[in-house]
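Report on the following structure.
Coordinate-derived values only; no laboratory data. No experiment lies behind these values; they were computed from the predicted model shown. When we count neighbours, we look across all protein chains shown, and the Cβ atoms used for this are built from the backbone with ideal geometry, even at glycine.
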Amino acid sequence: MSITLKTESNHINPLQELLVEELRDLLHAEGQLVAALPKMAEAAHHPKLQEAFLKHLQQTEGHIERLKTAFELLGEKAQPKPCKAMMGLVEEGQETIKEGREKQEIAADLGLIAAAQRVEHYEISAYGTARSLARQIGERDVATLLAYTLGEEESSDYVLTELAKPLMQQASSEGAGAESKTARPRKQKA
Ligand SMILES: [Fe+2]
Ligand SMILES: [Fe+2]
C-alpha cells in the first residue's frame, strides 16, 4: 500500500509532484510516438527495421497504458503536459524520413535508426528518473510499472544498435567498391 506524504504545510510531497510532472511529460511524449512510429515503419526499407518499429509501436501503446495506471495509483489525473523535447525529436525524425527519400536505402535506414535511438535515449533518461522518484517516495507499484517500460526502451535501443551493425558493414563495403571504381589510378610501383 502506498502512502502519500504530506509536508507540514499540507502540500503534496515535492518529489511526488515532480514525479507527476515527469509522468505528464512522458504521457505527451509517448502519444506523439504512437503517431510517429507508423511513419518510421513505412519509411524503413529493411524488413527487420520495419518490424522493429511496428513492434515498438505496440510496446508504446502499452507504455501509455502503464502511465495511465501509474496516475491512477498516485490518485492523479492522466493529463499530458506538452513535451517540447519529443516534439523536436519527432520533427527531426520527419526530416530524416524526407531526406532519406533522396538517399540510398541503407543510408536512409541508418538515418532512421539514428533518429529512433535519439528518441529511445530520451525515454530511457526520463523513465530512469521517474522510476527513481517513485522508489524514493515508496510508490513501489508505480516504480515496477516504470521499470518494465524502461526495460522495453532499453531493449528497443539495443535492437536498433544490432540492426545498424550489418547495415553499416554493408554500406562501407559497397562504398569501398564504389570508391575503387571511381578512384584515380595509382602510380605503379617500380
Ligand atoms: Fe515508450
Ligand atoms: Fe520507445
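Among ALA35, GLY93, GLY75, flag the residue with its Cα farthest along the positive direction of the charge dipole of the chain, charges on Cβ as +1 for Lys/Arg and -1 for Asp/Glu.
Farthest towards the positive end: GLY93.
Compute the distance in nm between two label points, each set 7 Å from the Cα along the Cα-to-Cβ direction, one at ALA147 and one at GLU17.
It works out to 2.8 nm between the two label points.
Once the other residues with Cβ under 14 Å from the Cβ of LYS103 are scored (Lys, Arg +1; Asp, Glu -1), what is the net sum?
-4
Can you tell me the orientation of helix 14-43 relative to the chain, as the angle in degrees between its alpha-carbon axis and the longest Cα principal axis, to the nearest 10?
30
Tell me, HIS46, HIS121 in order of fewest to most beta-carbon neighbours within 10 Å? Present the calculation step by step, with values, prior to reporting the outcome.
Values: HIS46 18, HIS121 14.
The most exposed by this proxy come first: HIS121, HIS46.
Mind pulling the angle between the C-alpha long axis of helix 105-136 and the longest principal axis of the chain? Nearest 10 degrees, somewhere in 0 to 90.
20
Of LYS39/LYS103; LYS48/LYS98; LYS81/LYS165; LYS39/LYS68, which ones are farther than 29 Å apart at the Cα? Display every interim value, and only then the final one.
Details: LYS39/LYS103 17 Å; LYS48/LYS98 20 Å; LYS81/LYS165 36 Å; LYS39/LYS68 25 Å.
From LYS39/LYS103; LYS48/LYS98; LYS81/LYS165; LYS39/LYS68, over 29 Å: LYS81/LYS165.
Evaluate the charge dipole of the chain about its Cα centre and quote only its size in Debye, nearest 20, assuming +1 on the Cβ of each Lys and Arg and -1 on the Cβ of each Asp and Glu.
920
For a Förster distance of 35 Å, can you work out the FRET efficiency between the beta-carbons of GLN104 and GLU154, rounded to the nearest 0.05? Please report the intermediate quantities before stating the final value.
Values: r = 30 Å, r/R0 = 0.85.
Approximately 0.70, to the nearest 0.05.
Fewest first, what order do TYR122, TYR148, TYR158, TYR127 take by the number of other Cβ atoms within 10 Å?
Details: TYR122 18, TYR148 14, TYR158 11, TYR127 26.
Taking fewest neighbouring Cβ atoms as first place, the list is TYR158, TYR148, TYR122, TYR127.
Just tell me which aspartates and glutamates come within less than 15 Å, Cα to Cα, of LYS55; anything on the same chain fewer than 8 places away is out.
Counting by Cα, and skipping residues close in sequence, LYS55 has these aspartates and glutamates nearby: GLU30, GLU42, GLU120, GLU152, GLU153, GLU154, ASP157.
Cα axis of helix 140-182 to longest principal axis of the chain: angle in degrees, 0 to 90, nearest 10?
Approximately 10 degrees, to the nearest 10.
Hey, fewest Cβ within 10 Å first, where do ASP25, ASP141, ASP109 land in order? Each step should come with its number before you reach the end.
Working: ASP25 19, ASP141 14, ASP109 23.
The order, fewest Cβ neighbours first, is ASP141, ASP25, ASP109.
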